[in-house]
Every structure is written in structure tokens, then in C-alpha cells.
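Report on the structure given below.
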Amino acid sequence: MHAVRRWWHDTAGGLPATFWYLWVGLLINRAGAFAMLFLSLYLTDVRDASVGLAGTVVGLYGAGGAAGVLLGGVLADRWGRRATLLAAHLTTAALMVALAFSRSLLLIAVLAALVGVVHSMPSPAFVAAIVDVVPAERRSRAFNLQFWAFNLGMAVASLLAGVLAEASFTALFLVDAAATLTAAVVIGWKVPETLRLATSTADQPPPPRSLRPRRPGLHTALTDRTFLVFVGLTFVLAVLTMQTSTIMPLAMRDDGLGPSAYGLVVALGGALIVIGQLFVPRLIDRHRKDVVLAASTTLLALGFGVLAVADELAVYLAAAVVWTVGSMIAAPPNAQINADLAPPQLRARYQSVFYLTFPAAAFVAPTLGGVSLQHLGDRHWLIVGGLGLLAALGHLLAGPPRERHVAALRKAGEPPTPAERVSAS
């Protein structure tokens, strides 16, 4: 019993109530965000759209997502986290109701693009709010729980979506709207505004000129070299993980494995995350973040690299275990480093640039991966594995200077000691 209490403390102990309300809101948000998973089928089966047109509309949803990430980051730093979350959730609910009863393909395309925007807006605000309320020493477990909630919600969404789509696509959109509205109620009722501007603390000295942007804004994140190196390495990790939903199904088909086999591989990964993610903090907390990320990227590289010799389902399942463990241990340090590198007044903007790596990877992975698989065959997986190993080396090289940069940021934000106040006066 003592061991269980100790595990629970290491996994979820010491987190403020506001975090848990944010966590519940995120879980409801993800569990209810299932209508767009079936958008292409809805367009072709119900609205008689061609496959090409359906793909274009889904692409508009993705493009809206890229814009929504940036917009959400800017608004969360200007309006506040709570205001941005409420605006995004309420607007999403309204757009889902509109989609449920829209008949025009042009109107559906416009609504899909708008849904893409508001679906992505909450991500920077959620993470920035978590950073606002969770002490630095507990953020690793908070981000681990966030990643777990996201994946648990997506698993629930996938199950619900299949059932509802069989019954009624209209119900699919309306239930999505109701879940999104429920998340908005939780946030509006229990989550206070968490925005804290560093400039509002009178006791804090101004940071050194080298660490102080002249006009803080989105461009600050886009010109922060230390941050961009980290974003670049995260982009490689995202490209690797996107292989499971873009290129791997094609490779399995070429090996004579059908959709059911692919579904089993994906389900195994999801089950491992839901069951095992809560044990990750005790596994990684004692290690440097750059070492953890190097190890996680190496696991991803090995998992995908072994597909070069895979031709049976058992090999794919074993490889899925390896790359899923890599993804699991990468999530908390990735989020924590992102939080450490962001100036307090620009937290959401930094989050928005960080989250751009995922739609970018969603474009690059299938575009280049398809050509690579077509012309190189199984050697494609050797290239993927090699790219992952290079990224692992990059984490080891970038880690020490990044930690020095973070230490300088923290020192610049520390309030002066009483002796320093007397000396200054």
C-alpha cells in the first residue's frame, strides 16, 4: 500500500486544483473531438463529394489548424488563457452545430477551415495555463498527465466516433458540439485567469540586454536561436511519429497485411500509452532532459528502422512497442523544455511556434515519405532510422548550451535579495 501511495505521489501529487480542472477540460475536449475524424467519409458518403474534393476540404481543416495554433498563442498572451479557451470552445460548438445542418459543399469547406482554426487555438493556451499554475519542479508530472489525457481522450473519441457515424452523421456533429460545450462549462466555472506578466512584478530586475527582446511578440520566438534548434529537433521527432499514420499503412499493404493488421498495431500503441504513461515520471525524473530525449529519439529510430526487414505482423507489433515507449518518455521533457525556454510574457506564443511542428510534420512525412517508399522501398526505413539517430545526437549536443541559456533566463527573472535592494538604493 505504501508503494502505491508513493507511486501516486510521484505521478500526480502536489498539483494544484486549477491544473486538475484544466486536465478535465482537456480530456473532455479530446474525447469529444471526433466528428472531424470522419469528415472525409461524411463528404463522400452523405454529401456525394468526390474523393479529390473531400481531400481538399480535409486539407483546408489542416491549414486552418496551422493558423489556429499561431492565433491561439497570440490571443492567450494578450486576452488571457481562460478567455482564449472559452472563445475557442464556444465557437467550436457553434460551428459543429452549423456543420450538422449544412448542405452546401462550399459552406462545409468554409466551416471546416474555421473549425481547424478554433480546434487548434486551445493547445497553446492549455499548456501556457499549466505552466502558469504548476511549480517548475512539478511540471514534468503535469505534462506527463496532459499527454496521457490527450491520448486517453483520443482513444475514447475513436470508439465513440465509429458508433455514432454508424447511427447518424448529424448526431456525430451534435454530440461533438455538446462535449465541447461541456468542456467550456468546466473551464468557465472552475478555471480562473492564469496569465501572469513578468513586467507586473515590481521587484524583478530587467533581464540582461542579450535576453531582453526590444518589442516582445511572435517574432521573438521565431528569432530565438536556442528555441528554434529545439523546435527543429522536435520536428524530426514529429516526422518520425507521423510515419505510423502516413507511410506505415502503405508498407504493411505491400507486405500483404490488411487494414485489420494496421488497426491492431495502432491499437497496441494506444493501449501502451493509456496503461503505461502514468509510470513514466518515476522512470525519467532523475535524468537530464537532453539525455531522456536522446534516448527516446533513439528508440523511435530503432523502432522504425527495424521495419526495413519487417514482413510479418509480429515484427510490426514488436517495433510498435519500441517506438511507442520512445514517444511516451519524450512527451514530458519536450513540454518542460518548451516551458523553460519561453519568457513568462510570451509563453503562449512560444507554445504556438512549438505546436507548428506537428502540422508541418503532417505535411512533410507523407509528401516526402511516399516518394521515398515508392523509389527506395524498405530502404526508406533505414533513412528514417538514420534521421532519428542524428536527432538523438543533436539532443546531446544542444542540451548543455540550452541548459545554460535556461539558467540565465531564470537568474534574470529572480527578484533581488535584500542586500541587493539596499545596495541599489
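The values are calculated or read from the model by the stated rules, or taken from the named source; none is laboratory data. All figures in this text were calculated on a predicted structure; none of them were measured in a lab. Please note: Cβ atoms are built from the backbone with ideal geometry, for glycine as well, and neighbour counts cover all protein chains shown. Keep in mind that these areas ignore ligands, DNA and RNA; they rest on the heavy atoms of the full protein, side chains included. Shrake-Rupley method; radii C 1.70, N 1.55, O 1.52, S 1.80 Å.
Data overview
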{"quantity": "Number of the exception - ASP311 against (1) farther than 27 Å from ASP132 by Cβ; (2) part of a helix (DSSP H, G or I); (3) of a type outside the set (Val, Ile, Thr)", "calculated": "(2)"}
{"quantity": "Which listed residue, of VAL322, VAL315, VAL265, is β-branched (Val, Ile, Thr), without any contact (Cβ under 8 Å) to a residue 24 or more places away in the chain and surrounded by 15 or more Cβ atoms within 10 Å (Cβ to Cβ)", "calculated": "VAL322"}
{"quantity": "Extreme residue, nearest to PRO400 (Cα to Cα), among residues of the range 284-308 that are not in a loop (DSSP other than H, G, I, E, B) and not hydrophobic (A, V, I, L, M, F, W, C)", "calculated": "ASP290"}
{"quantity": "Members of the range 243-290 found to be in contact with a Phe, Trp or Tyr (Cβ under 7 Å, 6 or more places away or on another chain) and farther than 18 Å from ALA330 by Cβ, listed by number", "calculated": "PRO249, MET252, VAL265"}
{"quantity": "Spans of helices (runs of 4 or more DSSP H) in the range 1-103 with at least 3 residues open to solvent by 40 Å² or more (accessible area, probe 1.4 Å) and closer than 30 Å to GLN345 by Cβ", "calculated": "17-32, 51-78, 81-101"}
{"quantity": "Residues that are of a type in the set (A, V, I, L, M) and open to solvent by 60 Å² or more (accessible area, probe 1.4 Å), drawn from the range 245-262", "calculated": "LEU250"}
{"quantity": "Among residues of the range 42-68, those that are among the hydrophobic types (A, V, I, L, M, F, W, C) and over 16 Å from PHE169 (Cβ atoms), counted", "calculated": "6"}
{"quantity": "Elements of type helices (runs of 4 or more DSSP H) contained in the range 145-257, each with 1 or more residues being within 21 Å of HIS119 (Cβ to Cβ), at pLDDT 80 or above and not charged (D, E, K, R)", "calculated": "169-190, 225-246"}
{"quantity": "Positions within the range 356-379 being of a type in the set (A, V, I, L, M) and part of a helix (DSSP H, G or I), in sequence order", "calculated": "ALA360, ALA361, ALA362, VAL364, ALA365, LEU368, VAL371, LEU373, LEU376"}
{"quantity": "In the range 343-367, the residues that are modelled with pLDDT of 85 or more and small (Gly, Ala, Ser)", "calculated": "ALA348, SER352"}
{"quantity": "Residue within the range 45-68 that is free of Cβ contacts under 8 Å to residues at least 24 places away in the same chain, in contact with a Gly (Cβ under 9 Å, 6 or more places away or on another chain) and among the polar types (S, T, N, Q) present", "calculated": "no"}
{"quantity": "ALA407 being open to solvent by less than 10 Å² (accessible area, probe 1.4 Å) and either charged (D, E, K, R) or in a helix (DSSP H, G or I) (or both)", "calculated": "no"}
{"quantity": "Residue ID - least open to solvent (accessible area, probe 1.4 Å), chosen from residues in the range 284-295 that are free of Cβ contacts under 8 Å to residues at least 60 places away in the same chain and under 24 Å from VAL229 (Cβ atoms)", "calculated": "VAL292"}
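Conditions tested, residue by residue: (1) open to solvent by less than 20 Å² (accessible area, probe 1.4 Å); (2) under 22 Å from VAL127 (Cβ atoms).
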position	(1), (2)
ALA330	yes, yes
GLN336	no, yes
PHE354	yes, yes
THR367	no, no
GLN374	no, no
LEU389	no, no
ALA392	yes, no
